[in-house]
Every structure is written in C-alpha cells, then in structure tokens.
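**Q** Below is a structure I'd like to ask you about.
The values are calculated or read from the model by the stated rules, or taken from the named source; none is laboratory data. Since the model is a prediction, treat every value here as computed from it, not as a measurement. Every residue, glycine among them, receives a Cβ derived from its backbone with ideal geometry; neighbour counts consider all protein chains shown.
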Amino acid sequence: MKTLLLTFFLIFCGVSISQNLIEFNKKQNTINKRGMQSLTSWSTLNLGISAYGAATAEGEARYFHQMNIGWSAINLCLSVPGLVKAHRNKEFDLSPENTLKGQIKTEQVFLFNTALDVAYITGGFLLKERAKNDPENFQRFNGFGNAVILQGGFLFVFDLVMAVIHSNHRKKLYAPLELGFNQNGIGLRYTFN
C-alpha cells in the first residue's frame, strides 16, 4: 500500500512540476518578447527622429543624428529577429535541465551585453576627449561621442534591467522547493500551487 501511495505521489509531483516548467518557460518567453518590443520601439523612434535630424541639422547635431541612425539600424537588426523568435516560440515543454540551461544562458547574454555597454559609453567619452584636441573635427567627434554615450547608456539600462528581471524569474523556478531541518533530520518539501 505504501508503494502504491508513493507511486501516485510521485506521478502527481511529476505532473505538477511539468506544468510549472511550462508556465515558467511561457513567462520567460513573454519577458523576452516585451524586452525585444522595447528595444525595437526605442530603435524605431531613434531612427525616425535622427533621420529627420540628419536631414535638417547642421554641425555637431548633424553628426549626432548620423551616429544615432547607425546605432538604431544595428539595434533593429538585433531586436527584430529576437522579437520574431519570441513570437514564434511554442516550445515550452522543456526538461528541467534544458529550462535551467536556457535561463542561465539568457541571463549571461544580458550581463555580457551590459559589460559591452560600459565599453560603448567609454568609447563615447574618448571621442569627446579626442574632439578637444582636434579643432578641425571637433563637431564630428563631439557629435559622434554624444550619440555613442546616449545609445550606450540606454543599452546599459536595458540590458541590466533585463538581466535582473530574468534573474528574479529564475529564482521562481525553485520557489516551490524548500530544504528544511527539523528534529527528524533534513527534509525536502514541494509546495503545490
């Protein structure tokens, strides 16, 4: 009788855990989709404003808008495929191992990008510093530097926020499991939602 009860319990836990993984993976996909929508919106807005600015502005402002056009085009080339992938993704029934691997990989990509963003911002400041020593190209370097600082700053905030959101989401994967100590020893408890 104990074996039969244990078997039913394990089957029930397996179904519950499987359902939690599906919901977890759906939520991860929703997070990615919203992130890519944000990046696509930012890039599209920048592209439109800077296209107008590059056509109408002069001097430093013109260079600023030219650099923004380049950054916006690159951001769109990165965000649109990510957005399409998130909309097409229907594979939510992953194993616990593949779920965790995918989640950690996503977090690592955003953290790596955050480090790159710091390099972009630094590059923008270096361009502005170079402008001080090159009067002939002052407006170009200063305009380019300001644009790189703006774009790098936005991407830094975006990537950092996405990394934190994904990290918090990963912690929910193990929320139902609780390791505890009591007078009888160590126990593992699973809380059903």
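**Q** Only one residue in ALA61, ALA73 is among the aliphatic types (A, V, I, L, M) and touching a Gly at 6+ places or on another chain (Cβ under 8 Å), so which one is that?
**A** ALA61
**Q** Restricting to region 104-155, count the residues that are among the charged types (D, E, K, R) and not in a helix (DSSP H, G or I).
**A** 1
**Q** When you scan region 158-166, do you find a residue that is assigned to a helix (DSSP H, G or I) and more than 10 Å from the chain's Cα centre (by Cα), even just one?
**A** No: region 158-166 contains no residue that is assigned to a helix (DSSP H, G or I) and more than 10 Å from the chain's Cα centre (by Cα).
**Q** If a residue must be over 26 Å from GLY59 (Cα atoms) and crowded, with 18+ Cβ neighbours inside 10 Å, how many such residues does region 118-153 contain?
**A** 0
**Q** In this structure, is LEU78 modelled with pLDDT of 95 or more, out of contact with any Phe, Trp or Tyr (no Cβ under 9 Å at 6 or more places or on another chain) and either among the polar types (S, T, N, Q) or in a helix (DSSP H, G or I) (or both)?
**A** No: the conditions fail for LEU78.
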